[in-house]
Amino acid sequence: MPALLIFVAFGVIPLVGVLFLSFTSWDGLGVIQMSGFTSWRAVFADPGLMHALWVTLLVMAASWAVQTPASILLGVFLAGQQRYRAVLAVLYFIPLLLSSAAIAIAYKALLDPNFGLGAGLGIELLIQDWLGEPVLAFSVVIFVVSWQFIPFHSLLYQGGVRQIPRSMYEAAEIDGAGRTRKFFSITLPQLKYTIITSSTLMVVGSLTFFDLIFVLTAGGPGDATRVLALDMYKRGFQANLMGPASAIAVILVLVGLALALFLRRLGGRDANASQMEGV
Amino acid sequence: MGVPLGAALAACGTSGPSPAGGTGASGSGGNAAAKATYWFLSTQPQEGVRTRAVERFNKANPDGQIDFTTMQNDAYKTKIKTAIGAGQAPTIIWGWGGGTLRTYVQANQVEDLTSWFEENKAVKDRLFPSSFGAATIDGKIYAMPAETMQPIILFYNKKAFEKIGAEPPKSWGDIMALVPKFNAAGIAPFSLGGQSRWTNMMWLEFLFDRIGGPEVFQAVFDGEKDAWSHPSSIEALTKMQELIKADGFIKGFSSITADSNADQALLYTGKAAMMLHGGWTYGSMATDGGDFVSGGNLGYMNFPPVEGGKGDPGNTVGNPGQYLSISSQATPEQKEIAKKFFATTVLNGEEVKEWADTGAVPIVNGADSAFAGSKDEDFLKFVYNIASNAKAFAQSWDQALSPTAAEVLLDNIAKLFQLSITPEEFASNMNAVIGS
């Protein structure tokens, strides 16, 4: 019951409030006026929304595509019991301890074309306009996001791999399977649910990337890295358009829910079926 | 029915820092001793001047104290809006006047001070007349101009000019001629913190003024239809992109922020030769730039005229002052304290002196007498003369316009500087939000 109360107070009521606000026009100060679908029409007529949606989807796809393979490989590697791997694991998890804002500030300073790492060490290759060219800036965002979150997903995969019964590998070895074969035929299929969990976190999480991008590029250059969450913030709190900002918030919620449902479906009907031996 | 919900939502947002005195900033009466509240920006040296002014007032008025809370710039902008929207504003609202003040006025959240200024003519007459423009909404005064004025100035590095044997530009043509010379010498002609966007805007403010005079932007401000398509506007936008295409700005300018002062560092380290920036950067360059300022390597001038332009070359743009409003939600006692503070303490002799010591010009007539002997005397006199001789001291566009229009403006300026939209596209995008 207490959990339900908290969920209603902090989850449902704000959601209803936002839904209500999306049908009003309000500048955050004056009287809230009902305005029907005006905000929704304004949002959909604005090419900025489609652009932000597109950028969000690109960030989602690119960060998934970069993080998933890297996290699986790292997770499998770290699942081993050797001591040096434990030491490396500790090092790999450091980014997880830092806040997004701190990471963004650090990368911004390192990538500064005039005072950053490249200029400091005199390495030509590193002296690029990292955050000033649309494609480069987008790539930097993906890189930094991956750098920050790969440790977390590796941790998930490490746990997943350790759950796989040793006997499966032993059986495979008797059948003469090599390392690669074992990875693709045992490890990867056994990690199915971990992959779905991790992907859900990544995909839904990338919908709400805000702090990192806000500090790193502020959505720029131009609007090259302006994701939906940033677009919502700018409309609501900088342009004082709470109505359209709320409409975008509702869209974010719907997209997030749809994606989460879709990924659960992938997990599929046999979600409760076990592949463990002897069960 | 909407208002209570709005208040509830806003109150959910942030509880914010609590005031120094520990009392709620709710502005509701009933406390034994009336206390006014006052929020302002942190960051030294300005914070110190503000704090000492309040302390002087509190010492002189034991029965009518002011509690103050300091906040960082960006945090303050969001917090003050939320607080006002929720009816939890401090008694004294610190701000920049212009478009934001207009939104407070429209929501009936600030006191009309017109009659108070008529009764207290002496208070009004001490201050620069130009500072009242941004405090005046539809003919009524809603804020007391305070603190300092900050015109935008063209700074340059004298050493960089010596290196290529050139003189500071006297016209737009000179600027365009200097660009290839500096680039050939491996020095960026202009530093620019382009990610902050308003930094780019300062260029347009001057180009619009020099080419078409202050009337061009005034038409936008007054909500005239298609004001951005004025021929002078298109010419200014075109000239802007010509300078960008000629590599007039440092490589990577669109990823440099003004908050980190990296744009100033480019100037004082000699990586860039010139920089168009607010007068407030003088103080930070003096602090951070080693002997750059004290060694006399920093040059400064007003923006040069553009050939064939209609604008008076003496005009300037920037912040004509900071502004103190009184919340209409405050109790009568609190309002009295605030007015007493305005009349007796704001910009009194001691405060004027302190502001001058920070390297800025207080908006008080005859403030130049406080500059004598200051180590920044030359700069202070230069700024004072610009401001007192300018026929027009235009307020920064993003402050003058409503927050809604300002956001669209900054967005389109960023795209203009990325060369991803043409001057005509810029004008039509901006025409769409005129009057909003």
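When segment A:18-34 is limited to residues that are open to solvent by less than 30 Å² (accessible area, probe 1.4 Å) and small (G, A, S), the one that is farthest from the other protein chains (Cβ to nearest Cβ) turns out to be A:S22.
Every residue, every condition in (1) under 22 Å from the mean Cα position of the chain (by Cα); (2) without any contact (Cβ under 8 Å) to a residue 40 or more places away in the chain; (3) farther than 30 Å from A:P244 by Cα, yes or no:
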residue: B:G373; (1), (2), (3): no, yes, yes
residue: B:L380; (1), (2), (3): yes, yes, yes
residue: B:S420; (1), (2), (3): no, yes, no
residue: B:E425; (1), (2), (3): no, yes, no
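Here is the figure for segment A:76-112: residues that are surrounded by 12 or more Cβ atoms within 10 Å (Cβ to Cβ), charged (D, E, K, R) and away from chain B (no Cβ under 14 Å) total 1. Taking the criterion of being farther than 24 Å from B:P305 by Cβ and within 19 Å of the chain's Cα centre (by Cα), the residues of segment B:178-230 that qualify are B:G193, B:G194, B:Q195, B:S196, B:R197. Of the residues making up segment B:98-113, not a single one is open to solvent by 40 Å² or more (accessible area, probe 1.4 Å) and farther than 25 Å from A:I32 by Cβ. Screening B:K124 with (1) closer than 22 Å to B:W280 by Cβ; (2) touching a Phe, Trp or Tyr at 6+ places or on another chain (Cβ under 7 Å) gives one miss only, at (1).
Filtering B:E224, B:E167, B:E147 for residues that are touching a strand residue (DSSP E or B) at 6+ places or on another chain (Cβ under 6 Å) and either modelled with pLDDT under 95 or under 24 Å from B:K415 (Cα atoms) (or both) leaves a single hit, B:E147.
The condition (being within 14 Å of chain A (Cβ to nearest Cβ), in contact with an Asp or Glu (Cβ under 7 Å, 6 or more places away or on another chain), small (G, A, S) and in contact (Cβ under 8 Å) with a residue 24 or more places away in the chain) is satisfied by just one residue among B:A414, B:A406: B:A406. Residues that are in a helix (DSSP H, G or I) and either among the charged types (D, E, K, R) or touching a Gly at 6+ places or on another chain (Cβ under 9 Å) (or both) within segment B:222-241 comprise B:P231, B:S232, B:S233, B:E235, B:A236, B:K239, listed in sequence order. Right, B:V317: part of a strand (DSSP E or B), in contact (Cβ under 8 Å) with a residue 24 or more places away in the chain and under 23 Å from B:M149 (Cα atoms) or not? Spelling it out, B:V317 is indeed part of a strand (DSSP E or B), in contact (Cβ under 8 Å) with a residue 24 or more places away in the chain and under 23 Å from B:M149 (Cα atoms). Quick check: is even one residue across segment B:232-244 modelled with pLDDT of 90 or more, within 12 Å of chain A (Cβ to nearest Cβ) and open to solvent by less than 10 Å² (accessible area, probe 1.4 Å)? No. Remark: A:F115 falls outside the filter, which requires a residue to be of a type outside the set (S, T, Y), open to solvent by less than 80 Å² (accessible area, probe 1.4 Å) and at pLDDT below 90.
Of the helices (runs of 4 or more DSSP H) that lie entirely inside segment B:327-436, those containing 1 or more residues that are surrounded by fewer than 17 Cβ atoms within 10 Å (Cβ to Cβ) span B:332-344, B:349-357, B:377-389, B:423-431. Condition test on A:W40, is it within 28 Å of B:Y104 (Cα to Cα), more than 14 Å from chain B (Cβ to nearest Cβ) and either of a type in the set (A, V, I, L, M) or surrounded by 13 or more Cβ atoms within 10 Å (Cβ to Cβ) (or both)? When the stated conditions are applied, A:W40 passes them.
Restricting A:V135, A:V140 to residues that are touching a Phe, Trp or Tyr at 6+ places or on another chain (Cβ under 7 Å) and within 14 Å of chain B (Cβ to nearest Cβ) narrows the list to A:V140. Scan segment A:224-241 for residues that are touching a residue at least 60 places away in the same chain (Cβ under 8 Å), in a loop (DSSP other than H, G, I, E, B) and facing chain B (nearest Cβ under 10 Å) and the total you get is 4.
Please determine whether any residue of segment B:193-205 is away from every other protein chain (no Cβ under 13 Å), in contact (Cβ under 8 Å) with a residue 12 or more places away in the chain and in a loop (DSSP other than H, G, I, E, B). No, segment B:193-205 contains no residue that is away from every other protein chain (no Cβ under 13 Å), in contact (Cβ under 8 Å) with a residue 12 or more places away in the chain and in a loop (DSSP other than H, G, I, E, B).
A:G122 satisfies every condition listed in (1) open to solvent by less than 30 Å² (accessible area, probe 1.4 Å); (2) over 30 Å from A:V90 (Cβ atoms); (3) without any contact (Cβ under 8 Å) to a residue 24 or more places away in the chain except (1). Would you pick out the residues in segment A:164-223 that are part of a loop (DSSP other than H, G, I, E, B), under 30 Å from B:I421 (Cβ atoms), open to solvent by 30 Å² or more (accessible area, probe 1.4 Å) and at pLDDT 85 or above? Listed by number, the list holds a single entry, A:F210. Residues in segment B:283-315 that are of a type in the set (S, T, Y) and more than 26 Å from B:K181 (Cα to Cα) were compared, and the one that is least open to solvent (accessible area, probe 1.4 Å) is B:S284. Within segment A:36-57, no residue that is without any contact (Cβ under 8 Å) to a residue 24 or more places away in the chain sits with its Cβ atom under 8 Å from a residue that is of a type in the set (D, E) and part of a loop (DSSP other than H, G, I, E, B) at 6+ positions apart or across chains. Can you pull out the residues in segment B:245-264 that are away from every other protein chain (no Cβ under 14 Å), open to solvent by 20 Å² or more (accessible area, probe 1.4 Å) and either free of Cβ contacts under 8 Å to residues at least 24 places away in the same chain or assigned to a loop (DSSP other than H, G, I, E, B) (or both)? B:A246 - this is the single residue of segment B:245-264 that is away from every other protein chain (no Cβ under 14 Å), open to solvent by 20 Å² or more (accessible area, probe 1.4 Å) and either free of Cβ contacts under 8 Å to residues at least 24 places away in the same chain or assigned to a loop (DSSP other than H, G, I, E, B) (or both). The set of residues in segment B:100-152 being under 27 Å from B:D368 (Cα atoms), of a type in the set (V, I, T) and either within 14 Å of another protein chain (Cβ to nearest Cβ) or touching a helix residue (DSSP H, G or I) at 6+ places or on another chain (Cβ under 7 Å) (or both) consists of B:V123, B:I141, B:T148, B:I152. Among the residues of segment B:178-190, are any under 27 Å from A:F214 (Cα atoms), surrounded by fewer than 22 Cβ atoms within 10 Å (Cβ to Cβ) and not β-branched (V, I, T)? Checked segment B:178-190: no residue is under 27 Å from A:F214 (Cα atoms), surrounded by fewer than 22 Cβ atoms within 10 Å (Cβ to Cβ) and not β-branched (V, I, T). Taking residues in segment B:265-282 that are in contact (Cβ under 8 Å) with a residue 12 or more places away in the chain and open to solvent by less than 10 Å² (accessible area, probe 1.4 Å), and partners anywhere that are assigned to a loop (DSSP other than H, G, I, E, B) and of a type in the set (S, T, N, Q), the pairs with Cβ atoms closer than 7 Å and at least 6 places apart or on different chains are B:L266/A:N114. Taking each residue of segment A:154-165 that is over 22 Å from A:I94 (Cα atoms) and looking for partners that are β-branched (V, I, T) with beta-carbon atoms closer than 9 Å, six or more apart or interchain, yields A:Q163/A:T194; A:I164/A:I186; A:I164/A:T187.
The values are calculated or read from the model by the stated rules, or taken from the named source; none is laboratory data. Source: prediction; values computed, not measured. Methodologically, a virtual Cβ is constructed for each residue, glycine included, from the backbone with ideal geometry; neighbour enumeration extends over all protein chains shown. What goes into the accessible areas is simple: the full protein's heavy atoms, side chains included, and nothing from ligands, DNA or RNA. Shrake-Rupley method; radii C 1.70, N 1.55, O 1.52, S 1.80 Å.
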